[in-house]
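Rule-based calculations on the coordinates, nothing more; no lab input. Note that this is a predicted model, so its numbers are computed, not measured. Cβ placement follows ideal geometry from the backbone for every residue including glycine, while neighbour counts extend to all protein chains displayed.
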Amino acid sequence: MKRRLLLSVLPLLAVVRQTRAQAVRPSDRDRADLARIEAYLNSVHSLKAQFLQVAPNGAVSRGTAWLDRPGRMRFQYDPPSPLLLVAGHGLVVFHDAQLNQTSNIPLSRTPLGILLADQINLSGDVTVTAIQRPPGQIQVTVVRTATPNEGSLTLSFNDNPLVLRQWSVVDAQRQETRVTLYNVELGGHFDSKLFEFVDPRFFGGPSSGG
């Protein structure tokens, strides 16, 4: 049981070892689509959505997600899940209330940091390793250029119009954690306390969902 927190958070954040990824050689169509995706992602400064997460072992969790760029995110898992993920102040905090365990990881060391950047660029510091086009969709896989061992992030979009619907993280053992968004509400101003973790051990109660 003591290892559950670590086993839960690492696939999602993907601070793992893997071989250096190879950049895709983009076609003219690829470059046009990547430019569209960059423009779309940079236009989304905040959102609120419901999410469904599928862990590598097949376990399914649901909850509410808030994203507020740059650098802030909250995953409030629905009961009976004891989990909470909060990104803010340059850190990702993952808390398991049942085990009373908390893990802190620098946002810059996680693939999610790519999605939460102030200016999202799919070149330079980020390397695109794959572009796929299932029917009605575009999927782009990226890693950090300097440190690809920190994991890969695949963003899945519905096309026409372009809408982010899912992301997944795959570790070196090919273990995938997949997050699907639905009931997405773009825009909005959120209380900054949503993106701050208060350890209940010091304040006598569970962290609020905001």
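Binning at 5 angstrom from zero up to the longest distance, how are the C-alpha pair distances of region 4-187 distributed in percent?
1, 8, 17, 22, 22, 17, 9, 3, 1, 0, 0
Can you list residues from other chains, or at least 5 along the same chain, whose modelled amide H is less than 5 Å from the amide H of Gln166?
Ser156, Leu181
Tally Lys and Arg at +1 and Asp and Glu at -1 over the other residues with C-beta under 14 Å from the C-beta of Tyr182: what net charge comes out?
Details: positive: Lys48, Arg62, Arg165, Arg178; negative: Asp78, Glu185.
Residues near Tyr182 contribute +2 overall.
Along region 154-164, what does the Karplus equation 6.51 cos²θ - 1.76 cosθ + 1.60 (θ = phi - 60°) give for ³J(HN,Hα), rounded to whole Hz, x for Gly and Pro?
10, 9, 10, 10, 6, 10, 6, x, 6, 9, 6
Just report the Cα centroid separation between region 120-195 and region 49-99, whole Å.
With region 120-195 and region 49-99 each reduced to a Cα centre, they are spaced 16 Å.
Work out from phi, with θ = phi - 60° and the Karplus expression 6.51 cos²θ - 1.76 cosθ + 1.60, the ³J(HN,Hα) of each residue of region 91-100, listed in order in whole Hz, and give x for Gly and Pro.
10, 10, 10, 10, 10, 10, 5, 5, 8, 6
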